[in-house]
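Bear in mind these aren't lab numbers, they're just calculated from the coordinates by the rules spelled out. Computed from a predicted model, the values in this text were never measured in an experiment. Here the Cβ is made from the backbone with ideal geometry for all residues, glycine too, and neighbour counts use every protein chain on show.
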Amino acid sequence: MKRFYRNVAASAAADGGYTILLDGKAVKSLKRASLSLPNLSLAEAIAEEWGQQ
C-alpha cells in the first residue's frame, strides 16, 4: 500500500489527550471519531512507527 502522507507527528488534543497528525491533520476513525490517546509517550511511539513505514 502506498503511503499517502509525508509528515507524522504526535500532538496534544483538545480533549486533554494526545493525537497523531498526518500532514498536520488529526487521525480519525472510519466513523469520523477523533483518535485520542491517554499519554504523550504512546502517541510518540505510534507516530514513530507510522513514520518508519
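The table for this structure:
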{"read-out": "Two-site label geometry, Lys2 and Gln52: point separation in nm, points 7 Å out along Cα→Cβ", "value": "2.5"}
{"read-out": "Computed over segment 8-52, Cα set: Rg, Dmax in Å", "value": "9.6, 27"}
{"read-out": "Segment 16-45: trypsin sites (Lys or Arg not before Pro) in DSSP loop, at most 13 other beta carbons within 10 Å", "value": "Lys31, Arg32"}
{"read-out": "³J(HN,Hα), Karplus 6.51/-1.76/1.60, whole Hz, each residue of segment 40-53, x for Gly, Pro", "value": "5, 5, 5, 4, 5, 5, 5, 4, 5, 4, 5, x, 8, 7"}
{"read-out": "Value at 222 nm in deg cm²/dmol, rounded to 500, when DSSP H runs of n ≥ 4 in the chain each add -39,500 (n - 2.57)", "value": "-8000 deg cm²/dmol"}
